[in-house]
Amino acid sequence: MQQFVVPQFIDVEDKIFGPITTRQFVILLIAGIVIFLAYRFGDFALFITILAVVGGLALVFSFIKINGQAFHYFLLNIIQTLRRPSLRVWSKKFTNEELNYWRKQKVEEAEEVVFKKPIKSQHIRDLALIVNTGGFYRPEE
């Protein structure tokens, strides 16, 4: 029998610089470029504002994990949960006449049920013998 290597620890990201993963490095690199551009081309107040906002978001998105998930997955799950209603309320909009009409249709559909003929114990015993003997038993013989 051929053996296969089963990958272990598939949820662990590859590290490139010490404890920093590729995803964290890319996030911090982009934030660093944006902060450098704000320092180079903006005034000091703009630089401090962008440093606080972009730097803080970069640190949160790169290093914070909630319940073992990266923060961006956690944020996507929150957005997805908020878009879907968690409580579904049935609002009655049918009149009594419409409900009676639907009830009559359901009764007519229920009357069309086909009944199966009852299974005989002889037939069940024959099937069991066929299975137990591997198909050698022939009930018609």
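Scanning the stretch 2-13 for residues that are within 28 Å of the chain's Cα centre (by Cα) and either of a type outside the set (D, E, K, R) or at pLDDT 80 or above (or both) returns VAL5, VAL6, PRO7, GLN8, PHE9, ILE10, VAL12.
Taking the stretch 1-27, which residues are assigned to a helix (DSSP H, G or I) and either exposed (fewer than 12 other Cβ atoms within 10 Å of the Cβ) or out of contact with any helix residue (DSSP H, G or I) (no Cβ under 6 Å at 6 or more places or on another chain) (or both)? Steps first, answer last, please.
Here is the first cut: in the stretch 1-27, the residues assigned to a helix (DSSP H, G or I) are 22-27.
THR22, ARG23, PHE25, VAL26 - these are the residues of the stretch 1-27 that are assigned to a helix (DSSP H, G or I) and either exposed (fewer than 12 other Cβ atoms within 10 Å of the Cβ) or out of contact with any helix residue (DSSP H, G or I) (no Cβ under 6 Å at 6 or more places or on another chain) (or both).
Can you report the number of residues in the stretch 99-134 which are among the acidic types (Asp, Glu), modelled with pLDDT of 80 or more and surrounded by fewer than 10 Cβ atoms within 10 Å (Cβ to Cβ)?
Just the residues of the stretch 99-134 that are among the acidic types (Asp, Glu), to begin with: 108-109, 111-112, 126.
From the residues that got through so far, the ones that are modelled with pLDDT of 80 or more too are 126.
Checking which are surrounded by fewer than 10 Cβ atoms within 10 Å (Cβ to Cβ) leaves us with none.
The number of residues fulfilling the criteria is 0.
Looking across PRO118, PRO139, PRO85, one residue alone is farther than 30 Å from LYS15 by Cα, in a loop (DSSP other than H, G, I, E, B) and in contact with a helix residue (DSSP H, G or I) (Cβ under 7 Å, 6 or more places away or on another chain). It is PRO139. Screening the candidates ARG40, ARG125, ARG23 for the property of being free of Cβ contacts under 8 Å to residues at least 60 places away in the same chain, of a type in the set (Lys, Arg) and within 30 Å of PRO139 (Cα to Cα) yields one hit, ARG125. Residue under question is ILE130, and the condition is that it be among the β-branched types (Val, Ile, Thr), in contact with a Leu (Cβ under 6 Å, 6 or more places away or on another chain) and in a helix (DSSP H, G or I); does it hold? Considered against the rule, which asks whether it is among the β-branched types (Val, Ile, Thr), in contact with a Leu (Cβ under 6 Å, 6 or more places away or on another chain) and in a helix (DSSP H, G or I), ILE130 comes out as no.
Here SER62 meets the list (1) of a type in the set (Ser, Thr, Tyr); (2) modelled with pLDDT of 85 or more; (3) farther than 30 Å from ILE35 by Cβ almost entirely, failing just condition (3).
Residue by residue through the stretch 24-59, note down the ones that are aliphatic (A, V, I, L, M) and in contact with a Phe, Trp or Tyr (Cβ under 6 Å, 6 or more places away or on another chain). First the steps, then the outcome.
Going through the stretch 24-59, the residues aliphatic (A, V, I, L, M) turn out to be 26-31, 33-35, 37-38, 45-46, 48, 50-54, 57-59.
Answer for the stretch 24-59, where residues must be aliphatic (A, V, I, L, M) and in contact with a Phe, Trp or Tyr (Cβ under 6 Å, 6 or more places away or on another chain): ILE27, ALA38.
The values are calculated or read from the model by the stated rules, or taken from the named source; none is laboratory data. Because the structure is predicted, anything quoted here is derived from the model rather than measured. Backbone-built Cβ (ideal geometry, glycine too); neighbour counts: all protein chains shown.
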